[in-house]
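The values are calculated or read from the model by the stated rules, or taken from the named source; none is laboratory data. Treat the numbers as computed from the prediction; the structure is a model and nothing was measured. Note that each Cβ is placed from the backbone with ideal geometry, even for glycine, and that neighbours are counted across all protein chains shown. We work out accessible area using only protein heavy atoms, side chains counted, and drop any ligands, DNA or RNA first. Shrake-Rupley method; radii C 1.70, N 1.55, O 1.52, S 1.80 Å.
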Amino acid sequence: MRQRRLIVPALMAALLITACSDRSSIDENKLSEASTSLSETEEHVSEKQSEDEDTSAETVAGSIAETTTKESRIESVAEESTEEPTEELTEEPAEELTEEPTEEPTEEPTEEPTEESADPHSYLFKSGRRLDLGNIPRVDGALALEPFYDAVFADLLGITPDDARSLLACNNTPQAYLDLTLGNVDMIFCALPSNEQVEYAEKKGVEFDYTTILSGGFVFFVNKDNPVNSVTQEELKGIVSGKITNWKELGGDDEPIVLFQRNEGSGSQSGLYRYVLPPEEVMPPKTKERINGMGDVVDMVAGYESGKGAISFSYYYYIANMYYTDDIKLLAIDGIMPSDETIANGEYPFLNFSQIVTRKDLPEDSIVNDIIEYVTSEEGARIARENGYVPYEAGGAK
């Protein structure tokens, strides 16, 4: 607006000069005054324009400065905005990519999926071999050890002992050794074999490997009404050989001694030969005094028609845990009663060590070797204790 006000007088002065020059009647003095006025007006206009330009420059500079300041703030905020995403993108994703993916794929596939996602009725051994319901080895054994090896396979396969029993065999010691010799089974749970069983295997070109797994006792028992509670090892030899024939010779009643024996090749009969007398020194039994079944021999002693005169032998676990009856009682040997404690500490004279028996030609990569390692570990000892057996401790006498 200021520029417009200053331009109008200048135009008027110019018009006045033009008019005066066209008219001859105008004098030179008036013309000079008009020129002077026009010059002053131009100078004034020039000064005003200069002031306005300075003012306008200041205004523009201020606007530019303000704009620059805003841009600086924007840049600062932008820097702050870029710093925060930088932390989130460089730290958090780095942790997710370097830690979680590296831990989860390496740990879960090798541990959790291997155990949890696998067949629950299976067991992965340290060797990497897995036992399941489809590759159970052929197993047989003695009746007195059946509860133990049933429990072992039940523990490994996550099934009940009854279910395990249906998958395993128990044909007693003579048949178990025969089947092992002939290659019909892979492993058996038994007492040590008789001399005859070893000789037969040798004729077939077979040798046995033995792994001791349990400690037990070879025991003698009599009718509950027999007053005799303890005998010595020498007195037992007299009974078994037939040299001592009446209980009164041992401080008992006047009753004839009736010794019930087991069938040849049975674990019990082999124990008699091992702990008391060799076969050739044992008195041959009468036909009715030779009993095949372990339970049958207990029944004969408990209910024998002549009462207090009967005596026989078996293994501690079977008598104490599998076929115990109040109609019989165990005899102390040399004053030491068979018990878990006296068997474990070795005080009882007739210690028996149960075995896992295999053939020497068993392949090294057979899963039977893994099962043997498991049975002889602390896990196997736990299973033994839970089922009333005494686990074998290495270093004990065999």
For region 177-230, what % of the accessible area comes from carbon and sulfur atoms, probe 1.4 Å?
-> 43 percent
Roughly how big is region 313-383's charge dipole about its Cα centre, with Cβ charges of +1 (Lys, Arg) and -1 (Asp, Glu), in debye to the nearest 20?
-> 260 debye
Go through 203/360; 248/308; 203/237; 243/288 and tell me which ones have a Cα-Cα distance over 23 Å in this structure.
-> 203/237
Hey, got a sec? Which trypsin sites (Lys or Arg not before Pro) in region 227-260 land in a DSSP loop and have at most 15 other Cβ atoms within 10 Å?
-> 243
Counting only protein heavy atoms and rolling a 1.4 Å probe, one gets per residue an accessible area for region 125-197 in Å² of 39 Å²
Rounded to one decimal in nm, the spacing of the 7 Å Cα→Cβ label points at residue 206 and residue 182 is 0.9 nm
Could you give the accessible area per residue of region 209-298, probe 1.4 Å, as a whole number in Å²?
-> 42 Å²
